[in-house]
Structure formats: C-alpha cells, structure tokens
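The values are calculated or read from the model by the stated rules, or taken from the named source; none is laboratory data. All of these numbers come straight from a predicted model, not from anything done at the bench. For neighbour counting, all protein chains shown are included, and Cβ atoms are generated from backbone atoms with ideal geometry for every residue, glycine included.
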Amino acid sequence: MKTNYHTHTVWCDGKNKVEEVILSAIDKGFDVIGFSSHSTYPDDNACTVPVEKLPGYFSEVRELAARYSDRIRVLCGVEADYIPGTTDPDRSRYAEFAPDYIIGSIHYVIAPDGERVPVDHTPELLAEGIAAHFDGDVRAFLRTYFAQERDMVRLFDFDMVGHPDLCRKFNAKHQYFDENAEWYLAELRLTAKAIAESGKLVELNTGAISRGWLDDAYPSATFRAMLRGFGVGFVLNSDSHSADTLDCAFDRFSAAEDFVHPPFL
C-alpha cells in the first residue's frame, strides 16, 4: 500500500491546492494521501493555517475526500507544533476539528531567556539564534531541542513524531556539530527510549532530500537504528510542499525499510 500522511498545501506554506495534490497522488499511484497543515493553534505564525481558517481547511479536505473516495482515500490531519507555554500537539486541543491524525513536531526551541529559536528556517537565522540566545553553544541548543522533544512525546496525546532530528537540516557537512560525538548519540538514545515508551510512531521523512539540504531522511540512519532497536514503528512520509514531490525518494526507502500501517487508517 502506497501512503503519505505528511503534505502541505496553500492552506499553510505549500505551493499547491488540496485538489491538485489529490490528483497528483492519484497519478502517482497512492492508495492513501493525508494532509497535515502546520498549526500552532491557538497561536498563528507565517507558516501555519490561520486560526480562523482551520474550519475551512478541514471542510475543504473532507469535501474533496468524499468526491474522490472511489479513487483514493484522503485523510485530514495537522502537523502541530510543541512550543512550551504557547501550544502543543495534544489531541484535546484539536478535538473540535476531529483530525484523522496529528503529527507532533518541533520547529522552535525555547531558549533559557524564553525566546524562540527557529530550527529550520534558514542557516543564518539558526546561527543568529544560537549566538544570541545560547551564547553560541550549539551543544546546549541541541540538548534543549531533544529535551523539548522528549517532553512532547511524554506529555501529549498525538499519533506520530515529525522529523525527530530536524536539527540536522543545515548540518550536511557537520559544520555545526559532529553527529558521531558521544554526547549527541546519548541524546538520540534518550530520545529513542522516550518515543518507544510513549508508544508513538515516527515518520521516515524525505523532505530534506527533496529540498536539497540532505542526502538522507529524517531521522538519520543511526537514529533509525536506535529507534527500531527500541521497537518503534515507522511510516514513510515526504513532508511535501509541492504536488510534484509527494513520493520523493520513496523508491529508495520503501524496499530497504519496514513500515507499519498506523492505527488511524
């Protein structure tokens, strides 16, 4: 079964309309396509569905799901951020919309001074944020990132963890940190254990490949091995912001990795 639960449209920061993505998914042979617009409900930012438009987002996806139900199964969820003190991906927060599933993700790290440091906007913003709010200490930033992720999986009810090492996005040449350093591997092990204990799924996310930042998926091969060692189940997602990249690198991973059918299917 060919599936993808992590896609973005013009409702948030994607390039295509919902129907265009559905038609592309049909053309590419998908059995299931899921929509997961960014949300920081009840807050807004430039990349999310505005709060007042969330009902319209769910309504449009479900209307089109009914229209194309004889050709493809269409699901409607959200990619919900965990920003301590502001928002979280807990199912109760989105209960009025009854999403089919929720992806919990970290896009902002809360620094010791309370400021948000964006993880994946641009290399420049990341470097500026670490310099200004972590005194230039990359290790402290990364430890805070993973601690925040561990809190997210322990504290909140959602279905799958989105790109669990998004902090690697701008580190293709290890210019920010050594991904083989023992302190970093220790953070991965702690996080893998926390995810396993939560019972949540993890996505194998090919988004950084399609956008040219990395040549491997999130999580890294090392992190994937740790997660699998703890018995964590995976689903294959593209985190696509374009109808053209819905199955980017799927052929590379679909045969080499084992994936599960999530309970919300």
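Among the numbered conditions (1) in contact with an Asp or Glu (Cβ under 9 Å, 6 or more places away or on another chain); (2) not in a helix (DSSP H, G or I), the only one that Arg71 does not meet is (1). Within the stretch 225-246, residues that are of a type in the set (Val, Ile, Thr) sit with their Cβ atoms under 6 Å from residues that are assigned to a helix (DSSP H, G or I) and at pLDDT 95 or above, at 6+ positions apart or across chains, in these pairs: Val232/Ile195; Val232/Ala196; Thr245/Ser210. Taking the criterion of being assigned to a helix (DSSP H, G or I), under 26 Å from Phe35 (Cα atoms), at pLDDT 95 or above and of a type in the set (S, T, N, Q), would at least one residue in the stretch 210-228 satisfy it? Yes. Identification of strands (runs of 3 or more DSSP E) wholly contained in the stretch 82-124 with 2 or more residues that are of a type in the set (Gly, Ala, Ser) yields 102-105.
If the condition is being over 18 Å from Pro123 (Cα atoms) and more than 18 Å from the chain's Cα centre (by Cα), then the stretch 145-192 contributes Asn180, Ala181, Glu182, Trp183, Tyr184, Leu185, Ala186, Glu187, Arg189, Leu190.
Conditions (1) in contact with a Phe, Trp or Tyr (Cβ under 9 Å, 6 or more places away or on another chain); (2) over 20 Å from Leu166 (Cβ atoms), marked per residue:
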site	(1), (2)
Tyr68	no, yes
Arg93	yes, yes
Ala98	yes, yes
Val119	yes, no
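Arg71 meets the conditions (1) under 18 Å from Thr245 (Cα atoms); (2) basic (Lys, Arg); (3) without any contact (Cβ under 8 Å) to a residue 60 or more places away in the chain in every case but one. The failed one is (1).
Counting the residues of the stretch 157-186 that are of a type in the set (A, V, I, L, M) and free of Cβ contacts under 8 Å to residues at least 24 places away in the same chain gives 2.
Note on the stretch 234-251: residues that are more than 17 Å from the chain's Cα centre (by Cα) and either buried (at least 19 other Cβ atoms within 10 Å of the Cβ) or at pLDDT below 95 (or both) amount to 1. Filtered by the rule that a residue be part of a loop (DSSP other than H, G, I, E, B) and surrounded by 18 or more Cβ atoms within 10 Å (Cβ to Cβ), the stretch 135-189 gives Phe156, Phe158, Asp159, Gly162, His163, Pro164, Asp165, Lys169, Phe170, Asn171, Tyr176. Against the conditions (1) more than 22 Å from Thr206 (Cβ to Cβ); (2) hydroxyl-bearing (Ser, Thr, Tyr); (3) assigned to a strand (DSSP E or B), Ser36 satisfies every one except (1). Among the residues of the stretch 90-108, those identified as buried (at least 19 other Cβ atoms within 10 Å of the Cβ) and not aromatic (Phe, Trp, Tyr) are Arg93, Pro99, Asp100, Ile102, Ile103, Gly104, Ser105, Ile106, His107.
Within the stretch 247-262, the residues that satisfy the criterion of being assigned to a loop (DSSP other than H, G, I, E, B) and either free of Cβ contacts under 8 Å to residues at least 40 places away in the same chain or among the aromatic types (Phe, Trp, Tyr) (or both) are Ala255, Ala256, Asp258, Phe259.
Is one or more of the residues making up the stretch 45-57 in a loop (DSSP other than H, G, I, E, B) and either crowded, with 23+ Cβ neighbours inside 10 Å or modelled with pLDDT of 95 or more (or both)?
So far as the stretch 45-57 goes, yes, one or more of its residues are in a loop (DSSP other than H, G, I, E, B) and either crowded, with 23+ Cβ neighbours inside 10 Å or modelled with pLDDT of 95 or more (or both).
Just checking, does the stretch 172-185 include any residue being within 24 Å of Pro89 (Cβ to Cβ) and either modelled with pLDDT of 95 or more or touching a Lys or Arg at 6+ places or on another chain (Cβ under 8 Å) (or both)? Scanning the stretch 172-185, I find no residue that is within 24 Å of Pro89 (Cβ to Cβ) and either modelled with pLDDT of 95 or more or touching a Lys or Arg at 6+ places or on another chain (Cβ under 8 Å) (or both), so the answer is no.
Taken over the stretch 230-246, the criterion of being under 15 Å from Ile22 (Cα atoms), aliphatic (A, V, I, L, M) and in a loop (DSSP other than H, G, I, E, B) is satisfied by Leu246 alone.
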